[in-house]
Amino acid sequence: MSIKYRPEIDGLRAIAVAAVVIYHAEFTIFDIDLFPGGFLGVDVFFVISGFLITSIIAREVEETNKFNYLRFYERRVRRILPALLLIMLISIPFAWFTMHPKALYEFSGSILSSLFFSSNIWFWLENSYTAQASQLKPFLHTWSLSVEEQFYLLFPLLMLLGWRYTKKYIFHLFALVFIVSLIYSELLSQSYTNANFFLLPSRAWELCAGSLLAYIKLNDENLSYRLIKFLPGIGLLMLVVSFLVFTENTPHPSKYTLLPVIGTCLIILFARRNELVTRLLSTPIFIILGLLSYSFYLWHFPVFSFAKIILGNLSTAEKLVLILISLILSYLTYYLIEQPFRRKFITPNRIFYPIVLSLLSLIFIINFGIFFLELKPAKFRKLESTIDFTYDYRAVYREGTCFLSPADMNAGTHFENCAIEGYNSNNVEIMLWGDSHAAHLYPGIQKRYGGSYNIIQRTASLCAPVLGRDVATRPNCLRVNESVAKSIRNSPPKNIILAASWWTGSPKELEGTIRSLYNWGVESVVVIGPAPYWEKGLPELLSEYTNSDDFDTYYLSAGLSKNRLDLDIEFKAYSSDKRWEYVSATDVLCRKDECITRLGPKASQITQWDRGHLTEAGSVYLVKRWGLTFD
């Protein structure tokens, strides 16, 4: 059962996919992100999907009084799987030859979860520190496909039950799901940000918004309201404003996400043939890009991810070339894969299913071997004795007790179980306060000072030791820092070390916090500057240069972020006449424009295990040489 084709919906898809691609390409004008809220294109897709799926099911049930599940899911399989499987298959060799073992393992996990439409759960559960940076995960974008398919699995059943037993209240049922899910997402946006972003319960309201539209259209095709001709324009304006003003720090999905969702609804609901926005979205360029939108969405992310893995930071020209490549691949995929496989007269079931099942089996077997049997390229098997690709920071940083992960903070844990190693009532206290870049100092501090001082560790993910600073992606940081401040006021340690990544803010932000510390009775405050930061994970960089005669792999400048060196200079200059003492980590770990990467030939002797965090060996090396003494 099909519904009337609406070209403006393909135009809306074009806007959505263009926003997403521009966002992922990270285009900037005068160092300002072009579309900081471009990720909202996915939310536009959700509304469209909810509208179309409900329209199809409702019309079929209305006209035949029944619903063919088998036919419905066969259409979904023909629509989704061929292009997805093709791109997965092509991506596997690129991953095998360009990724280091940990990244390859994560890649295979994402592929396997995508095959079962559960990649949103995979990425939700992925550890935020051991996982690859999001831009380097070629199939991160499949989380949205998984959300949609989970919705498609549950929604037809819900709709049919509602249609059969409470038909006159089915609109109210959709509205109830919409309201409950929206409230749920708003609550989660304050604490459980990862779950809120990736999981269906907090996304269902966006899909249900489309369902409500479908029900309204089904019962009132004309919707002849006086202001109708202005509403699509208002909807388009709401979308554009959303793309421009939302940022990664905007709680999302949340009440704020109503802006792009309502904007999308206004266009879908009130589009008319002679209305300006409808005519614009129905022009050939919008329709063509809308038709290519699924393939374009699938292709662009792995294309950009592998380019960044191979090339590192991309220039504007390189990004434009990658978009062009993605478009060409999308065009070929649409006409050679999507269209033939969606049409039974071209690929009947006796051809379609053997091909799809063969591809599924091949992709599953390869990734099963990588994920569960730990298959890896031979070059990495040789390097494992000299480079640690699977460093586990958790015990060293004391995660769960003294270093709080997002899950720990969400659970309300505030260092209740954080013990002082080798506690001695006669020893003076040193408190280490900050984020993960403070936690990575703990092994070195404990080894050097633990025998003479009681080391108090108060560290939490992304929570810089700045009072009053709000971190949108870690909404519990305010509460965690307030609890640390309360403990200091009640029993001030003699010495405090403040450390963080210092990615955001400026050294001036520290003044108020440090002034409060002295007022509360702290005698000595030390600020530790940023550690070196690499454009790729250090193990990966070392694997690239270990066999090269042109590089000294004990010190590297290749792949080193110069921004961190500049930030250290800024901190050093600002702190020169302040009451606190500043320690430059880069002065210890770097010489001129290159930084130390390993302390010896063994795998355990590399200094950093990802792009910026120190290993235990690196921590001990830094603290031993930074020249700090305490009373």
Which pairs break 18 Å Cα to Cα here: LYS102/LYS376; LYS66/LYS167; LYS536/LYS562; LYS562/LYS624; LYS536/LYS592; LYS447/LYS624? LYS562/LYS624; LYS536/LYS592
With each pseudo-label sitting 7 Å past Cα toward Cβ, what's the ARG75-LEU125 distance in nm, one decimal? 3.3
Alpha carbon centre of region 296-319 versus region 146-218: separation in Å? 34
Reach of LYS168 by Cα under 16 Å, taken over lysines that are not fewer than 8 positions away in the same chain: LYS217
With every protein chain kept in place and a 1.4 Å probe, the residues GLU26, GLU74, GLU429 fall, from largest accessible area down, as GLU26, GLU429, GLU74
Equivalent ellipsoid semi-axes - Cα gyration tensor, region 169-318, angstrom: 30, 24, 14
In region 235-310, which trypsin sites (Lys or Arg not before Pro) are in a loop and have at most 13 other Cβ atoms within 10 Å, using DSSP for the loop call? ARG273
Simple Cβ-charge dipole of the chain, Lys/Arg +1 and Asp/Glu -1, about Cα centre, in debye nearest 20: 1820
Which are the unpartnered cysteines of the chain, meaning those with no other cysteine Cβ under 4.7 Å from their Cβ? CYS208, CYS265
Is region 450-556 rounded, prolate or oblate when judged by the Cα gyration tensor, a ≥ b ≥ c being the square roots of its eigenvalues, rounded requiring a/c under 1.5 and prolate requiring a/b larger than b/c? prolate
Find how much the distance from SER385 to ILE3 grows on full extension, using 0.36 nm per residue of separation minus their present alpha carbon separation; answer in nm with one decimal. 131.4 nm
Size-normalised alpha-carbon gyration radius of region 539-631, reference 2.2 N^0.38 Å: 1.18
Leaving out ligands and nucleic acids, note down the accessible area per residue over region 53-171 with a 1.4 angstrom probe, in whole Å². 42
Probe radius 1.4 Å, ligands and nucleic acids ignored: give me the carbon and sulfur share of the accessible area of the chain as a rounded percent. 60
Output ³J(HN,Hα) for region 111-118: one whole-Hz value per residue in order, computed from phi by the Karplus curve 6.51 cos²θ - 1.76 cosθ + 1.60 with θ = phi - 60°, and x for Gly and Pro. 5, 4, 5, 5, 4, 9, 6, 9
Obtain the nm distance between the two label points defined at ILE325 and ASP392 by a simple spin-label model: each point lies 7 Å from its Cα along the Cα-to-C-beta direction. 3.7
Excluding exposed DSSP-loop chymotrypsin sites (Phe, Trp or Tyr not before Pro) (at most 12 other C-beta within 10 Å), longest clean stretch of the chain: 424-631
Contour minus Cα-Cα distance for THR64 and ASN519 (0.36 nm per residue): 156.1 nm
Determine the gain in length on full extension of the stretch PHE116-PHE368; use 0.36 nm per residue of separation and subtract their C-alpha separation, reporting nm with one decimal. 89.4 nm
Give the distance, in whole Å, between the Cα centre of region 328-380 and the Cα centre of region 13-86. 21
Nearest-0.05 FRET efficiency for LYS486 and LYS508, computed from C-beta distance (R0 35 Å): 0.90
Filter the trypsin sites (Lys or Arg not before Pro) in region 21-106 down to the DSSP loop ones having no more than 16 other Cβ atoms within 10 Å, then list what survives. LYS66
Once you have the alpha carbon radius of gyration of the chain, what is it after dividing by 2.2 N^0.38 Å, with N set to its residue count? 1.07
Evaluate the relative contact order of region 510-631 (contact order divided by residue number), counting alpha-carbon pairs under 8 angstrom at least 6 apart; express in whole percent. 31
Cα gyration tensor of region 264-367, axes a ≥ b ≥ c as square roots of the eigenvalues: rounded (a/c below 1.5), prolate (a/b > b/c) or oblate? oblate
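The values are calculated or read from the model by the stated rules, or taken from the named source; none is laboratory data. The structure displayed is predicted, hence computed values, not measured ones. Using ideal geometry, Cβ is built from the backbone for each residue, glycine included, and neighbour counts are taken over all protein chains shown. The accessibility values were calculated without ligands, DNA or RNA, using every heavy atom of the protein model including side chains. Shrake-Rupley method; radii C 1.70, N 1.55, O 1.52, S 1.80 Å.
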